[in-house]
Amino acid sequence: MRAISIGKLRGLQECSSGRGSLTCLALDHRQNLRKANPLFMADAELSRFKLDVTRELAPFATAVLLDPEVSAAQAIASGELPGSASFVVAVESTGYSGEATARRAQIIPGWSVEKARRMGASMVKLLVYYHPDSPSAAEAEAFTAEIARECLKYDLGLMLEPLSYSLTDQKLTSAEKRYVVVETARRLTPIPGVDVLKAELPLDAQDAEEHPERLAQACAEVSAASLSPWILLSAAVSFESYQHQIVAACQAGASGIAVGRAVWQEAVTMPRDARLHFLRTTARERLIRLNALCLALAKPVSDFYCADAPFDWYKNY
């Protein structure tokens, strides 16, 4: 068990269930939503969609992941994000710069960890494009360490989301993805200040479905490699497939999930009345079911972290 600061521990507590599991409702998507629905090219329409999802589903998650551009401040100002709900705010820009085989992420211009702390976020989320054998791997590690230091400075939790990519013009094979996801956990979670790893499925989705024993082994490898609690992202797979993935991941040591499109993706192209009905019925039922799985099976984040609180702690805080 690792000792962390009072502020970071409190942020983790706010984002997790009483048992210590994480069910993070992911709504930080930007460009992929604009591509899926041309109406969302208008910031107001994209924001309205995110606020609808936040209002209807936030009470059934342990935290909501939002972006600072069209949803985080807007959800607070409008009251759509309940005051009792914790939120994680993204810090990275959409997309990447550099070559496709040496990708580079960057912080949203004008945004910072310090501003996220001031607005009341419980944690920040940083997405980095990472392949351990890429020419830009060391640069990505340094970039992650820089943001992690900012999180330590402002005593704010950091959820790290590394996204894998191929070093050729062919997509990663399932075996290659397993290597990349596991090795990424091994290399990035020891960085001081990385508190939660938001990890990809460590296999190709089809391979995972056809070989559940292989999925269980791969998830166990992620757990063994990661020094931080890890949660499984949904990556736009079907709800049914994601349920099976969650069971395998949590039984192998994952601490929960960051779920977006597997819960609400059909609502993206619906007219607003149909969208609201879908969110209040199907999407809500899905999220409740996934949260129950995490409550029953996930490894609590409290198994990873503790904080010292001597009676004079505040003098040096």
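Any read-out appearing in this document is the output of simple, stated calculations on the displayed coordinates, not a laboratory observation. What you are looking at is a predicted structure, and each value in this text was computed from that prediction instead of being measured. Cβ sites come from the backbone with ideal geometry, for glycine too, and all protein chains shown count toward neighbours.
If you count, for each residue, the other Cβ atoms within 10 Å and average over each peptide, how do 68-76, 96-104 line up from highest to lowest?
Averaged packing, sorted descending, gives the order 68-76, 96-104.
What does the charge dipole of the chain about its Cα centre add up to, to the nearest 20 debye, if the Cβ of each Lys and Arg holds +1 and the Cβ of each Asp and Glu holds -1?
Details: 34 positive and 37 negative charges, 143 e Å.
Result for the chain is approximately 680 debye, rounded to the nearest 20.
Going by amide H atoms built from the backbone, whose H comes under 5 Å of the H on Leu65, apart from near neighbours?
Counting only residues 5 or more places away or on other chains, the set is Leu25, Ala26, Leu27, Val88.
Based on DSSP, what percent of beta bridges with both residues in region 103-219 are antiparallel, to the nearest 5?
Bridges in region 103-219 are about 0 percent antiparallel.
222 nm [θ] for the chain, helices only, -39500 (n - 2.57) per DSSP H run of 4+, per residue, to 500?
Details: 13 runs with 135 residues, N = 317.
Mean residue ellipticity, 222 nm, calculated: -12500 deg cm²/dmol.
Only bridges whose two residues both fall in region 2-315 count here: according to DSSP, what percent of them are antiparallel, nearest 5?
5 percent
Quote the FRET efficiency, to the nearest 0.05, computed for Glu141 versus Arg280 with a Förster distance R0 of 51 Å and r equal to the Cβ-Cβ distance. Write out the running numbers ahead of the final one.
Details: r = 43 Å, r/R0 = 0.85.
With a Förster radius of 51 Å, E is 0.75.
Tell me which residues come under 5 Å, amide H to amide H, from Gly256 once H is placed; ignore anything under 5 positions away on its chain.
Leu22, Leu232, Lys299
Quick one: dipole size for region 25-79, taken about the Cα centre, charges +1 on Lys/Arg Cβ and -1 on Asp/Glu Cβ, in debye to the nearest 20. Present the calculation step by step, with values, prior to reporting the outcome.
Working: 6 positive and 7 negative charges, 20 e Å.
I would put it at about 100 debye.
Post the alpha-carbon centroid distance, region 1-48 to region 276-291, in whole angstrom.
Centre-to-centre distance over Cα atoms comes out at 17 Å.
What length, rounded to one decimal in nm, is gained on full extension from Gln31 through to Glu240, with 0.36 nm per residue of separation minus their alpha-carbon distance? Before the final figure, lay out each step's value.
On the way: separation 209, 0.36 × 209 = 75.24 nm, distance 2.52 nm.
Length difference between fully extended and current span is 72.7 nm.
Sequence-distant or interchain residues sharing an amide H contact under 5 Å with Ser164, placed H: which?
Under 5 Å from the amide H of Ser164: Tyr130.
Once the dipole of region 168-317 is set up with Lys and Arg at +1 and Asp and Glu at -1 on Cβ about the Cα centre, which of Ala175, Ala218, Phe311 lies farthest towards its positive end?
Phe311
Calculate one ³J(HN,Hα) per residue across region 3-17 by plugging θ = phi - 60° into the Karplus curve 6.51 cos²θ - 1.76 cosθ + 1.60, and present them in order as whole Hz with x for glycine and proline.
7, 10, 6, 4, x, 5, 4, 5, x, 5, 4, 5, 8, 10, 6
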